[in-house]
1. Taking interchain pairs and intrachain pairs at least six residues apart, which have beta carbon atoms under 7 angstrom, with the first residue in segment 21-33 and on the phi < 0 side of the Ramachandran plot and surrounded by fewer than 11 Cβ atoms within 10 Å (Cβ to Cβ) and the second at pLDDT below 95 and assigned to a helix (DSSP H, G or I)?
2. Just to be sure I understand, how many residues within segment 145-174 are surrounded by 13 or more Cβ atoms within 10 Å (Cβ to Cβ), assigned to a loop (DSSP other than H, G, I, E, B) and out of contact with any helix residue (DSSP H, G or I) (no Cβ under 7 Å at 6 or more places or on another chain)?
3. Against the condition more than 18 Å from residue 121 (Cα to Cα), surrounded by 14 or more Cβ atoms within 10 Å (Cβ to Cβ) and in contact (Cβ under 8 Å) with a residue 60 or more places away in the chain, how does residue 55 come out, does it pass?
4. Looking at residue 80, is it farther than 24 Å from residue 170 by Cα, touching a helix residue (DSSP H, G or I) at 6+ places or on another chain (Cβ under 6 Å) and touching a residue at least 12 places away in the same chain (Cβ under 8 Å)?
5. Scan 69, 5, 16, 40 and give me the residue that is within 30 Å of residue 132 (Cα to Cα) and part of a helix (DSSP H, G or I).
6. Just to be sure, is residue 38 touching a strand residue (DSSP E or B) at 6+ places or on another chain (Cβ under 9 Å) and either touching a residue at least 12 places away in the same chain (Cβ under 8 Å) or more than 10 Å from residue 59 (Cβ to Cβ) (or both)?
7. Kindly indicate whether any position in segment 135-144 is in contact (Cβ under 8 Å) with a residue 12 or more places away in the chain, closer than 14 Å to residue 83 by Cα and not in a loop (DSSP other than H, G, I, E, B).
């Protein structure tokens, strides 16, 4: 995070791994304690936590886990969240269905707040089925999520000031950029 300060980078994104201890709340508290201490040492950098694929023993699996971590952070302005579309799909949130998509983001907004959403990673899912818990990114439209969902996301007014990052196969970034750009219908 010191590098973030030196480079004037405001957000530092963490992708958390699994935990071994059987007491998830204890591990969540330890993480929060470490982040709180870090926030005191390194000012002005927001820690951004990314959602996971929903695997068992993952610390952050859903909105409830994000909220539980947020509650434990002393300075709420120092914690933010990243949503990865492949991870949502892999965790069982069917963002292809408009009602499920709306329910997820309405719950996120009510329980956490859209001001805490710092970035959305756009990527399709190569994983075979919804809820597979497999982190297998694909190019936009080449996986099981499909382009309609991404069109909904990039045109959602709630995300007007949220950066999108393509997290797709590197050899296909240009194609993915063109695909996403072509989905934008709002100004």
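The values are calculated or read from the model by the stated rules, or taken from the named source; none is laboratory data. Everything numeric here is computed off the predicted structure, so don't read it as measured data. Positions of Cβ are backbone-derived with ideal geometry, glycine not excepted, and every protein chain shown enters the neighbour counts.
1. 21/27
2. Qualifying residue count, segment 145-174: 6.
3. On the way: more than 18 Å from residue 121 (Cα to Cα): yes; surrounded by 14 or more Cβ atoms within 10 Å (Cβ to Cβ): yes; in contact (Cβ under 8 Å) with a residue 60 or more places away in the chain: yes.
Here the answer is yes, as residue 55 does meet what is asked.
4. Values: farther than 24 Å from residue 170 by Cα: yes; touching a helix residue (DSSP H, G or I) at 6+ places or on another chain (Cβ under 6 Å): yes; touching a residue at least 12 places away in the same chain (Cβ under 8 Å): yes.
So residue 80 passes the test.
5. On the way: 5 fails: within 30 Å of residue 132 (Cα to Cα); 16 fails: part of a helix (DSSP H, G or I); 40 fails: within 30 Å of residue 132 (Cα to Cα).
On inspection, the qualifying residue turns out to be 69.
6. Working: touching a strand residue (DSSP E or B) at 6+ places or on another chain (Cβ under 9 Å): yes; either touching a residue at least 12 places away in the same chain (Cβ under 8 Å) or more than 10 Å from residue 59 (Cβ to Cβ) (or both): yes.
Yes; evaluated as a whole, the condition is true for this residue.
7. Step one: filter segment 135-144 for residues in contact (Cβ under 8 Å) with a residue 12 or more places away in the chain, giving 135-144.
Then keep just the ones that are closer than 14 Å to residue 83 by Cα; that gives 135, 137.
With the extra rule that they be not in a loop (DSSP other than H, G, I, E, B), the set shrinks to 137.
Yes, there is a match, as at least one residue in segment 135-144 is in contact (Cβ under 8 Å) with a residue 12 or more places away in the chain, closer than 14 Å to residue 83 by Cα and not in a loop (DSSP other than H, G, I, E, B).
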